[in-house]
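Bear in mind these aren't lab numbers, they're just calculated from the coordinates by the rules spelled out. Quick caveat, the model's predicted, so the values are computed rather than measured. Please note: Cβ atoms are built from the backbone with ideal geometry, for glycine as well, and neighbour counts cover all protein chains shown.
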Amino acid sequence: MSSKRIIIVGGGVIGLSIAEQLLRKGITPIVLDRGAFAKEASWAGAGFLDLRSVARVGGSMMELCKKSYDLFPEWTARLKKDSQVDPEYQNSGSYDVAFTEEEETAIHKMENNLKTFGLTGQWYEGPEALDREPQLSSLAQSVFYFPHTSQVLPARLNRALLQVLQKAKVDLREFEEVDDFLIKGKQFLGVRTNKGVIDADGVVIAAGAWSAPLAEKLGLSLVSKPYRGQVVHYRSQPGVVKHILFHTGSTGITYMVPRLDGHIYVGSTLEDVGFDKSTTPAGLEKLKTGAMQLVPGLSQYLIEETWAGLRPGSIDGWPYLGPVPGLEGVWMAAGHYTHGILLSAVTGEVMAQMVNGERTSVNLLPFALNRSAHPVSGL
Ligand SMILES: Cc1cc2nc3c(=O)[nH]c(=O)nc-3n(C[C@H](O)[C@H](O)[C@H](O)COP(=O)(O)OP(=O)(O)OC[C@H]3O[C@@H](n4cnc5c(N)ncnc54)[C@H](O)[C@@H]3O)c2cc1C
């Protein structure tokens, strides 16, 4: 058991994953959240584990995502065993649906990007696609089936993580907001919160879309802003939709994620509107229209809930993973943008290695906090 006292600022999926991995190294962290745990982006997200869209970006970003993707089956099985909460990891596979020649061409481009990483899928013409996904619109011209798309249920993944941390008696503090850092020279000494001072040997900032104001207190100017995503949640029957469906049309991207219990998650808008988490009639209408285009029969099912969340942006859509330059004992894991659920497994692993003074299993230089934007942006 290490005597290191480590604070994690932020109890979203990123902070909780890091805490769980630290625990495995014998470090029992203190996790602080200014609200309830995992009720921001990590609750709002769809939870699909998607390599399709990252293949365009390529390079170290694709390698990081691929590594994380590969960790999921074993990681979620272990969490399920240790917590008795099933994160509902499923290798659902995905369909990219084309209604026009132009859309087909765009999907072929994505397919070629995936091939450069040895990842292949299969095309089905309309009737064959309908055989495999009977509720799909008959107007679909073709679909690209990609078997390497999986999903988890984010709320359950977070609950499993929290359960493991609770069992290990980790100091989990909700409604405790970090306002400032105590630094002497270059050395981190502790944090100041709305409830007092906590002394510690190190801190990991995992405050999602709210990480930039905290970085500023440490003299680091971080390019990071929130991107709102609105969501419509339908209650249907299990098996109505079988695969994760994606469609990129003239009005943007719509995706549908079928859950084991029959719920269907329809997302999502991508809006640069600051820290405003409200839904809008126009945003929800766009999602409903997009979903009906893919699966017309969805109209017979109830919309159970709608919501919005804030994706934590970065300078280029790649996460920030590493030490805060010029300081000892301060690290950051933020800016996971549209891939934070996917990247939670590997982020926990590499951040715990870094905090524990080990060589990381991934070269984190491309994710350094003070980097210039990568030429191929993930934004
Ligand atoms: C609509 C939507 C759909 C998405 N779909 C997917 C998807 O399908 N797949 C995928 O991989 N990703 C998806 N994402 C992205 C993913 O959800 C995020 O990248 C990820 O949840 C970020 O996790 P986080 O822990 O960094 O941030 P958050 O979950 O936002 O957690 C940050 C936490 O820090 C706390 N905090 C902030 N400031 C302080 C402070 N000063 N002191 C203490 N605590 C503080 C907050 O209260 C919050 O709980 C989606 C996001 C959205 C919004």
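A few points about this structure:
- Local electrostatic count at Asp86 - Lys and Arg +1, Asp and Glu -1, tallied over other residues with Cβ under 13 Å: +3
- Only beta bridges with both residues in the chain are counted; by DSSP, about 75 percent of them are antiparallel.
- Table column - 3J(HN,Hα) (Hz), region 36-41, Karplus curve with 6.51, -1.76, 1.60, x for Gly and Pro: 7, 5, 6, 10, 9, 3
- Folded to 0 to 90 degrees: helix 154-167 orientation relative to the chain principal axis, Cα: 30 degrees
- Angle of helix 281-294 to the longest C-alpha principal axis of the chain, folded into 0 to 90 degrees and rounded to 10: 50°.
- Cα extents of the chain along the three principal axes, largest first (Å): 67, 40, 38
- Between Gln187 and Ala36, full extension at 0.36 nm per residue minus the direct alpha carbon distance yields a gain of 51.4 nm.
- A DSSP coil position with no more than 12 other Cβ atoms inside 10 Å describes the following chymotrypsin sites (Phe, Trp or Tyr not before Pro) in region 234-313: Phe275.
- The Cα-based radius of gyration and maximum Cα-Cα distance (Dmax) for region 281-343 are 18.7, 58 Å.
- With the simple model of a label 7 Å out from the Cα in the direction of the Cβ, Lys195 to Asn112 spans 5.6 nm.
- Of Lys115/Lys288; Lys217/Lys277; Lys109/Lys242; Lys80/Lys225; Lys242/Lys286; Lys66/Lys169, pairs whose Cα-Cα distance is over 30 Å: Lys115/Lys288; Lys80/Lys225; Lys66/Lys169
- For the chain, the residue among Tyr124, Asn91, Gly185 whose Cα projects farthest onto the positive side of the dipole built from Cβ charges is Gly185.
- Per-residue ellipticity at 222 nm, computed for the chain from helices alone with -39500 (n - 2.57) per DSSP H run of at least four residues, works out to -9500 deg cm²/dmol.
- Using Cβ point charges alone (K and R +1, D and E -1), the dipole size of region 1-129 about the Cα centre works out to roughly 1160 debye.
- Kirkwood Rh (inverse of mean 1/r, distinct Cα pairs), region 1-128, angstrom: 17.7 Å
- A simple spin-label model places pseudo-atoms 7 Å from Cα toward Cβ; at Gln237 and Leu379 they are separated by 4.6 nm.
- Bins of 5 Å, starting at 0 and running to the largest distance - Cα pair percent for region 236-352: 2, 9, 16, 17, 17, 14, 10, 7, 4, 2, 1, 0
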